[in-house]
Structure formats: C-alpha cells, structure tokens
Amino acid sequence: MNDEFDWEGGGLADWQGQTTASEFTFQKHEPEYVIQINGNDSKFMVGIKYDGTLVYGENYNPDEAAKIFWKALVHHMPGVEQAITKPNTTPWAVICREHGKQYLTSEQYDAQMMKPDSYWLCPICGGHSSWDDDNYDNYYNEEK
Ligand SMILES: [Zn+2]
C-alpha cells in the first residue's frame with residue numbers, strides 16, 4: 001500500500017508526521033466518493049462514487065445510513081430541514097375531483113378567503129373543490 005507514496009519526499013514526510021495511520025487510510029480512501037457515510041462507530045458504511053454507483057461497507061445498515069445522511073445534510077445546509085420534512089406543504093389544501101389534494105399558497109388561500117360566497121377552487125383547473133380540513137388539523141398538530 002505504502003509504495004503508492006514517496007515517503008522520502010520532503011512534502012510528504014512533513015505530512016506523514018502530522019497524521020495517524022487511521023487518518024492516512026481515510027485520506028487515501030475519501031476522494032473516491034462524492035459522499036461517504038461512516039457509521040456511529042466511525043467505520044465506513046457506504047459511499048457514493050462520482051459515477052453514481054454505491055459502495056457498501058461491511059457494516060452497511062440502510063436505516064442508520066439514511067439517518068446519518070439526513071442529519072449531516074441538515075447540519076451542512078441549514079434550512080433544508082423544512083424542505084425535506086414537509087415538501088411543498090401548507091396548512092391550506094383543497095380536494096379537487098380531478099386533481100386530488102392540492103396545496104394552496106398563502107396568496108391563493110387569502111385570495112379565496114376574500115370571496116366567502118365562492119366554492120373552494122382547485123389551483124390547477126379552477127374547478128369546485130372541497131376544503132381539506134384534515135390537512136389543516138394535521139399540519140398544526142405536527143408542529144407541536
Ligand atoms: Zn383540479
């Protein structure tokens with residue numbers, strides 16, 4: 001393994017002095033992957049290569065890997081949590097006979113509230129829809 005590197009070279013000799021054997025393994029391993037997930041025991045679990053293929057470590061556990069991945073994503077991209085937990089949802093939704101459940105933006109909701117005598121309308125086709133009361137309740141119950 002070590003014959004891939006010139007340990008006698010000046011620059012590398014300094015670098016070698018600053019690292020441990022386990023860090024060396026990591027440094028050499030890591031650039032193969034766009035994303036590398038290590039388990040809570042720090043052992044390699046799964047990596048995504050630049051061609052999109054996956055490489056699994058001995059301790060691969062899909063649920064644990066997913067949790068670590070999402071936790072890291074939220075840590076490195078503040079604000080992404082809202083998007084991944086409630087994609088495009090709002091408290092306001094109507095159920096269209098043709099398009100099913102459709103969320104309303106706050107603007108769409110306000111506009112419809114300004115016309116109290118009108119039916120709820122589907123934001124896609126404008127057809128008569130019914131108010132999704134369960135969505136409203138669930139949205140605010142999940143917040144707590
Ligand atoms: Zn519709």
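Each value in this text was obtained by applying a stated rule to the coordinates, not by laboratory testing. Nothing here was measured: the structure is a model prediction, and the numbers come from that model. Don't worry about glycine lacking a Cβ; one is built from the backbone with ideal geometry, like all the others, and counts go over all protein chains shown.
Ranking of Asp132, Asp41 by neighbouring Cβ atoms within 10 Å, starting from the fewest: Asp41, Asp132.
Per-residue Cβ neighbour counts within 10 Å put Leu121, Leu73 in the sequence Leu73, Leu121, beginning with the fewest.
Tell me, Ser129, Ser106 in order of fewest to most beta-carbon neighbours within 10 Å? Mind dumping the intermediate values first?
Values: Ser129 25, Ser106 10.
Lowest to highest Cβ neighbour count: Ser106, Ser129.
Rounded to the nearest Hz, the phi-derived 3J(HN,Hα) couplings of the stretch 102-112 under the Karplus curve 6.51 cos²θ - 1.76 cosθ + 1.60 (θ = phi - 60°) are 10, 6, 9, 6, 4, 5, 5, 5, 4, 4, 6, where x marks glycine and proline. By its C-alpha gyration tensor, with a ≥ b ≥ c as the square roots of the eigenvalues, how is the stretch 36-76 shaped: rounded for a/c under 1.5, else prolate for a/b larger than b/c, else oblate? Judged from the Cα gyration tensor, the stretch 36-76 comes out oblate (a/c at least 1.5, b/c at or above a/b). Directionally averaged projected area (the stretch 84-143, Cα convex hull): 4.2 nm².
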